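The structure under discussion appears below in the form of structure tokens.
The values are calculated or read from the model by the stated rules, or taken from the named source; none is laboratory data. Everything numeric here is computed off the predicted structure, so don't read it as measured data. All Cβ positions, even for glycine, are placed from backbone atoms using ideal geometry, and neighbour counts span all protein chains on display.
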Amino acid sequence: MSEMLRMPAEQAHAAELAALAAGDVGRRPAGWALSPQAVVTYLMGGKAADGAVISPKYVGDKRLIETAVATLATDRALLLLGVPGTAKSWVSEHLAAAITGDSTMVIQCTSGTDENQVRYGWNYAQLLAHGPSREALVPTPLLRAMERGKLCRFEELTRMGSDVQDTLITVLSEKMMPIPELNDTVYAARGFNVIATANNRDKGVNELSSALKRRFNVVVLPLPDNAQQEVAIIVKRVGEMAQSLDLPEPKNVAEEVARVVAIFRELRAGSTEDGKVALKVPSGGLSTAEAIGVMVGGISQATFFNDGRLTPETLASNMIGAVVKDPVQDRAVLGEYLETVLKKRRGFEGYYASLTEML
Ligand SMILES: Nc1ncnc2c1ncn2[C@@H]1O[C@H](COP(=O)(O)OP(=O)(O)O)[C@@H](O)[C@H]1O
Ligand SMILES: [Mg+2]
């Protein structure tokens, strides 16, 4: 096990990336470490030329990933859009890792992000002592990515103010950044591009200006199509996370994931799977990522407090935490679901009892 809590994708999957590069005969766009086909294989899983197994990172429609990869080979930037927990950040990290071997140039956008965090800042001690110079300039991840021909990732792009977002227009359309203080300009090296993520559900987002929107090709990452696919994603990620946290994985994980997913999908959709009962929808997102969190929390609780047995009781409090984001409304929504749907459902007796007791 590594000493680090988490490694960047290019380190965690270094062997896969090396195997893909070794047998990669496809045409590589300038500055890319792999051909677009090999990048898609890295994301979707498959085999390298020497037979090495490449694990799937993204579970879903391959064409979406192809579009994303093809976009990054053009002069347009990529915007991954979707509700929270649809693997936008995850895909963005793996794309950067596969394409340029470096996923670490990230700008996390918030309402407090200002232009200096996007363009460049100054080391004021240097600035005062020696005046403006390249040594006094503090490059941002964006400026470094431009200089090195790498990908820069903007997380939650629409959270920063529209005026700050618009500083990206020159960078994306002209591929250069003027530094008026030094009477200088940084031109981006080949390979440079931007991957941004944004979600269209949350409060506090600022619309992209139409000028900026035109510089992006938008790929919408959807929620999983069906329950089986969602269960598969969760089982896989829970397995990987349990391993990295050094938690033993209980045998019944897949069965319990299926039950948790069944409940979450119904609440999310606002109706039962068979479409017969209409339900109220909780205020939170109840995404795949939320279900992964519930399972990992449950496994930790099972490991340390329940002799490793993963039961509805160990999962219930985590589930309530995920569903009840608004203490009054969501509690009522869940209560109603328990009484009208779960009470009568075979195989869910444990969930009905523990959720009702803890709610
Ligand atoms: N379709 C999917 N394929 C693989 N992993 C997924 C999928 N959907 C969700 N996940 C998992 O959900 C977790 C959260 O995803 P994240 O990228 O943080 O979501 P977002 O940035 O869209 O809010 C990640 O661990 C990711 O592996
Ligand atoms: Mg994200």
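Those residues that are closer than 17 Å to D184 by Cβ and either outside the structural domain of Y120 (by TED's automatic domain parsing) or outside any loop (DSSP other than H, G, I, E, B) (or both), I need them from the stretch 137-147; list them, please.
Correct list: L137, V138, P139, L142, L143, R144, M146, E147.
With the requirement that a residue be over 15 Å from A291 (Cα atoms) and in contact with a Ser or Thr (Cβ under 7 Å, 6 or more places away or on another chain), what does the stretch 302-359 give you?
A302, N306, E313, D326, Q329, D330, L338, V341, G350, M358
Got a sec? Which of Q37, Q11 is in a helix (DSSP H, G or I), modelled with pLDDT of 95 or more, touching a Gly at 6+ places or on another chain (Cβ under 9 Å) and surrounded by fewer than 19 Cβ atoms within 10 Å (Cβ to Cβ)?
Q37
For the stretch 98-108, give me each residue that is within 16 Å of ligand 2 (Cβ to nearest atom) and either in a helix (DSSP H, G or I) or within 14 Å of A14 (Cα to Cα) (or both).
S103
Quick one: how many residues across the stretch 218-272 are among the polar types (S, T, N, Q) and touching a helix residue (DSSP H, G or I) at 6+ places or on another chain (Cβ under 8 Å)?
Count: 1.
Within the stretch 202-221, can one find any residue that is under 26 Å from V323 (Cα atoms), of a type outside the set (V, I, T) and in contact with a Ser or Thr (Cβ under 7 Å, 6 or more places away or on another chain)?
So far as the stretch 202-221 goes, yes, one or more of its residues are under 26 Å from V323 (Cα atoms), of a type outside the set (V, I, T) and in contact with a Ser or Thr (Cβ under 7 Å, 6 or more places away or on another chain).
Please tell me if E93 is acidic (D, E), free of Cβ contacts under 8 Å to residues at least 40 places away in the same chain and not in a strand (DSSP E or B).
no
In the stretch 312-340, how many are surrounded by fewer than 20 Cβ atoms within 10 Å (Cβ to Cβ), free of Cβ contacts under 8 Å to residues at least 40 places away in the same chain and β-branched (V, I, T)?
Count: 2.
Output the number of the condition that N252 fails; it satisfies all remaining conditions of (1) surrounded by fewer than 17 Cβ atoms within 10 Å (Cβ to Cβ); (2) in contact (Cβ under 8 Å) with a residue 40 or more places away in the chain; (3) more than 30 Å from M44 (Cβ to Cβ).
Every listed condition holds for N252 apart from (3).
Does at least one position in the stretch 315-336 carry a residue that is of a type in the set (G, A, S), closer than 23 Å to P222 by Cβ and either over 28 Å from the mean Cα position of the chain (by Cα) or not assigned by TED's automatic domain parsing to the domain that holds G85 (or both)?
Yes - at least one qualifying residue is present in the stretch 315-336.
Just one of A289, A302 is within 16 Å of ligand 2 (Cβ to nearest atom), on the phi < 0 side of the Ramachandran plot and out of contact with any His (no Cβ under 8 Å at 6 or more places or on another chain); which is it?
A289
Restricting the stretch 47-90 to residues that are away from ligand 1 (no atom under 14 Å from the Cβ) and in a helix (DSSP H, G or I), which is farthest from D225 (Cα to Cα)?
Of everything passing the filter in the stretch 47-90, L72 is farthest from D225 (Cα to Cα).
Is there a residue in the stretch 289-304 that is more than 28 Å from V333 (Cα to Cα), surrounded by 14 or more Cβ atoms within 10 Å (Cβ to Cβ) and in contact (Cβ under 8 Å) with a residue 24 or more places away in the chain?
For the stretch 289-304, residues more than 28 Å from V333 (Cα to Cα), surrounded by 14 or more Cβ atoms within 10 Å (Cβ to Cβ) and in contact (Cβ under 8 Å) with a residue 24 or more places away in the chain: present.
In the stretch 246-282, what count of residues is obtained for those that are closer than 30 Å to F304 by Cβ and touching a strand residue (DSSP E or B) at 6+ places or on another chain (Cβ under 6 Å)?
0
Can you tell me which of A232, A188, A242, A198 is within 16 Å of ligand 1 (Cβ to nearest atom), in the same structural domain as A96 (by TED's automatic domain parsing) and either surrounded by 14 or more Cβ atoms within 10 Å (Cβ to Cβ) or of a type in the set (S, T, Y) (or both)?
A198
Output the residues belonging to the stretch 90-146 that are of a type in the set (S, T, Y) and surrounded by fewer than 21 Cβ atoms within 10 Å (Cβ to Cβ).
Hits for the stretch 90-146 are T104, T110, S111, T113, Y120, Y124, S133, T140.
Of the conditions (1) surrounded by 17 or more Cβ atoms within 10 Å (Cβ to Cβ); (2) within 24 Å of D75 (Cβ to Cβ); (3) not hydrophobic (A, V, I, L, M, F, W, C), P178 clears all except one; give me its number.
(1)
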